[in-house]
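For reference, the structure is listed below as structure tokens.
The values are calculated or read from the model by the stated rules, or taken from the named source; none is laboratory data. Source: prediction; values computed, not measured. Here Cβ is always computed from backbone atoms with ideal geometry, including for glycine, and neighbour counts include all displayed protein chains. These area figures cover heavy atoms from the full protein model, side chains too; ligands, DNA and RNA do not enter into them. Shrake-Rupley method; radii C 1.70, N 1.55, O 1.52, S 1.80 Å.
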Amino acid sequence: MRTLSIGNSFSQDATRWLHDLAESVGFPLTCVNLYIGGCSLEQHWNNAETGAAEYAYEENGLDTGRKVSLTEALEEGDWDVVTLQQVSGKSGQYETYQPYLNKLAAFVREKAPLARLMIHQTWAYEIGSTHADFARYGNSQLAMYNALCEVYEQAADAIEAETIPCGDIIQVLRTKAPFDVRHGGLSLCRDGFHLSYTYGRYAAAAVWLSVLSGEEVSPCEFIPQVPGEPVDPALLELIRTTV
């Protein structure tokens, strides 16, 4: 399977460990992320129109050093899946999606007609996040989560796309004792909005693998290795079970 994400740092988080997880269960998958930090649907559409070669081409979680345009990336291979998403701060505001989402969907289907188009549902910010856009949701994680759930569902319906429900799983994990920040648990975010390098990114990758493969992720044996961040295999098992 070959996947292409038209995203930003949130798709970067979600796909960092995806290839490794897939490899651990014998599911052949190559994932490419087109990265521009903080890139919105509006900016993606502007880039599609102008042909701007401003995307860092990340393959299997690693930067290749290439810079590409959307057209170049979409036309370079037989993509099985192409994903779209909104920039996190605007994720719960549907008026920021259109008309760019519909135009991007049509653009993707023209350039990669055989690919399944999917929506990557991003996650709400951590409790107490200092991200400037958190104010759009009254600085409430629950308000942000409820808004993005409603809007991503609306977006998926608008372009007849399937959803990869990362935001749902991250929110469910936040109710589990090890990750319940309200009661002293570990945060699944490293800075209040990006996912933590180990557990957060692992959880998102497990969601993607489950949706893309249609298989259970319980047998995964891959353990992410991040310098200075010890990993508890029991917490990885909890994440897989939750997914």
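List of remarks:
- Isotropic mean projected area of the C-alpha convex hull, the chain (nm²): 12.1
- Applying both filters, DSSP loop and at most 16 other Cβ atoms within 10 Å, to the trypsin sites (Lys or Arg not before Pro) of segment 152-189 gives 176.
- Mean accessible surface per residue for segment 46-94, computed with a 1.4 Å probe while every protein chain stays in place, in Å²: 41
- Under Karplus coefficients 6.51, -1.76 and 1.60, residue-wise ³J(HN,Hα) of segment 75-85 in Hz, glycine/proline x: 8, 7, x, 8, 7, 8, 9, 10, 10, 10, 7
- Rounded to whole Hz, the Karplus (6.51, -1.76, 1.60) HN-Hα couplings of segment 51-57, x for glycine and proline: x, 4, 8, 10, 8, 6, 8
- Among 218, 187, the sequence by solvent-accessible area, most first, with a 1.4 Å probe is 218, 187.
- When all protein chains stay in place and ligands, DNA and RNA are ignored, the 1.4 Å accessible-area order of 166, 149, largest first, is 149, 166.
- Rounded percent of accessible protein surface that carbon and sulfur make up, the chain, 1.4 Å probe: 49
- Largest-first principal axis extents, alpha carbons of segment 168-214, Å: 34, 19, 14
- Environment charge at residue 122 (Cβ cut-off 11 Å; Lys +1, Arg +1, Asp -1, Glu -1): -1
- Dividing the summed -39500 (n - 2.57) terms of all DSSP H runs of n ≥ 4 by the residue count of the chain sets its mean residue ellipticity at 222 nm at -11500 deg cm²/dmol.
- Within a straight-line Cα-Cα reach of under 18 Å, residue 111 can be paired with the following lysines, leaving aside sequence neighbours fewer than 8 residues apart in one chain: 103.
- Counting charges near residue 31 (Lys, Arg +1; Asp, Glu -1) among other residues having Cβ under 12 Å from its Cβ returns a value of -3.
- Gap separating the Cα centres of segment 51-67 and segment 107-141, nearest whole Å: 20
- Each Lys and Arg contributes +1 and each Asp and Glu -1, all at the Cβ; summed about the Cα centre of segment 1-148, the dipole is approximately 320 debye.
- Close amide H partners of residue 83, meaning residues 5 or more places away or on another chain with modelled amide H under 5 Å apart, are 4, 5, 6, 118.
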